[in-house]
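Heads up: the structure comes next, in structure tokens.
The values are calculated or read from the model by the stated rules, or taken from the named source; none is laboratory data. None of the values given here were measured: they were computed from a predicted structure. FYI the Cβ positions are ideal-geometry reconstructions off the backbone, even for glycines, and counts take in every protein chain you see. The area values use the complete protein model at the heavy-atom level, side chains included, leaving out ligands, DNA and RNA. Shrake-Rupley method; radii C 1.70, N 1.55, O 1.52, S 1.80 Å.
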Amino acid sequence: MKSLYLLWTVLLTSTLSFGQIQSVSIQASGLTCSMCSRAIYKALEKVPNVSNVEEDIEHTSYHIQFKDPAVVSLENLKKAVTDAGFSVAWMEVNANFQNVEVAPDSSLRLNNLIFQFVDIHKQNLLGKKKLLVVDRDYLSDKDRKKYGASYQSMPAAEGNGRIFHVTIRQS
Amino acid sequence: MKKAIAVIGIQVMLGWVCGDLAAQELFVFTEPASNMPAKSLGLRASNWLMYDKSTSSLNYQLLPEIMWGANKNLMIHLDGFFTNQNGHFHAVGGGGYAKYRLYAADGVNKHFRLAAFGRLSLNNSEIFQQEIDLTRNNTGYALGLIGTQLLHKQAISAAIGFNQAYNNGSQNKIPPGQADQALNASISTGRLIFPQKYTNYKQTNLNLMLELIGQHLLATHENFLDMAPAIQFIFHSQTRLDIGYKFQLYSDMQRVAPNGVMIRLEYLLFNAF
């Protein structure tokens, strides 16, 4: 029993030390009308594991929450927007951190996803932070140019699965 | 009167385009380059009241249409054409239309889209005019390109297409000497008037549209040009009501019923598949 408790504590600490994804925000581009906005809203609602979508029609943006934050798929969210006929202007991962040190090129796992940091300075992440995904199709080409060169030459981060390149957006 | 409307219309069109660019592109008389969302289904009923010059009567025409967003690049329409011409309501023809997205450049509240389209039509009516109309009067096919620019509350679109007409079966042939090929061209613009600011999906949207639609017969070099203003309501971001009036500005070809009113209802089913 004591060893089980110890294992639980270790697991809990290790998880918390990396932080947790809480929600994802997206701005879609290529539309104005509310019919178009509603098409994206309906498509996002249909993505497996999505529990709630809040829309801001005026700014064509969406705030997405999950039934199980342990299995978040950014690809599925992006595909919902593009299948509706539009593009992702930006995608932000909203995460809560418990004092995690990050540096340029460092990577870390949040829930089921691996992120590699670009265009940041060495810092400790504490509390709620917004991670802006800078990969192709997740950010407009115009905005990607700010980050594109800095990460495309970097070696791939360690770990399984796809690596998303992110930078820290000031709240 | 028509001339005055035309002049004002062109001025409004130019004013919109050159002025404060800020629409809407769900045009009433033509298709934009944009596709409907993947996996969605649209149901449309277009009701036309056309003034038939040959019989000096009002002709009612019904065009039911099913539209399907196969994927983000391809959409397909199937339509039918019914009329009460000759005193009884009957089916005259039908067709299929496909539109493929070739290019898309998106920005926040703006986009440019380029699409190719094709149409196949079957029709069994008597060929009673020179105008080639693959929706109402002719068996044949059309191929073309559409480019659409959306800039916030304003959209402008241009389309060009080649039409090939065939005999409507063995009974209703194209009269000898009449052109069976045509080039169609159109320019359309639309503007979002209401709401000024979006707050929820239940707000009724109001769009104003103005379209210029023309045809050039390749063999005989005859032309027509129509103007078509329209008002469009979108309810609950899902149901569309279009009310438009199409009238002839110029024509040197024989046409039976170029002028009339169109009232269309359209319902969009998201994630239908």
* Structure fact -> Selection from region B:59-75 of residues part of a strand (DSSP E or B) and surrounded by 14 or more Cβ atoms within 10 Å (Cβ to Cβ) yields B:N59, B:Y60, B:Q61, B:L62, B:L63, B:P64, B:E65, B:M67, B:W68, B:G69, B:L74, B:M75
* To do: Please determine, by comparing only the residues of region B:117-137 that are surrounded by fewer than 17 Cβ atoms within 10 Å (Cβ to Cβ) and more than 15 Å from the chain's Cα centre (by Cα), which one is nearest to B:K153 (Cα to Cα).
  => B:L120
* Structure fact -> Within region A:103-143, the residues that are of a type in the set (K, R) and either in a strand (DSSP E or B) or open to solvent by less than 80 Å² (accessible area, probe 1.4 Å) (or both) are A:R109, A:K128, A:K129, A:K130, A:R136
* Asked: Mind checking which pairs have a first residue in region B:176-201 that is more than 30 Å from B:L218 (Cβ to Cβ) and of a type in the set (S, T, Y) and a second that is part of a strand (DSSP E or B) and at pLDDT 95 or above, Cβ under 7 Å, 6 or more apart or different chains?
  -> none
* To do: Report, by residue number, each residue of region B:160-179 that is closer than 22 Å to B:Y97 by Cβ and open to solvent by 50 Å² or more (accessible area, probe 1.4 Å).
  => B:I160, B:F162, B:Y166, B:N167
* Subset of region B:25-58 that is away from chain A (no Cβ under 14 Å) and aromatic (F, W, Y) - its residue that is surrounded by the fewest Cβ atoms within 10 Å (Cβ to Cβ) -> B:Y51
* Asked: Just wondering, is there one or more residues in region B:95-110 that are open to solvent by less than 30 Å² (accessible area, probe 1.4 Å), assigned to a strand (DSSP E or B) and within 14 Å of chain A (Cβ to nearest Cβ)?
  -> yes
* To do: All but one of (1) open to solvent by less than 40 Å² (accessible area, probe 1.4 Å); (2) within 14 Å of another protein chain (Cβ to nearest Cβ) hold for A:V93, so report the exception by its number.
  => (2)
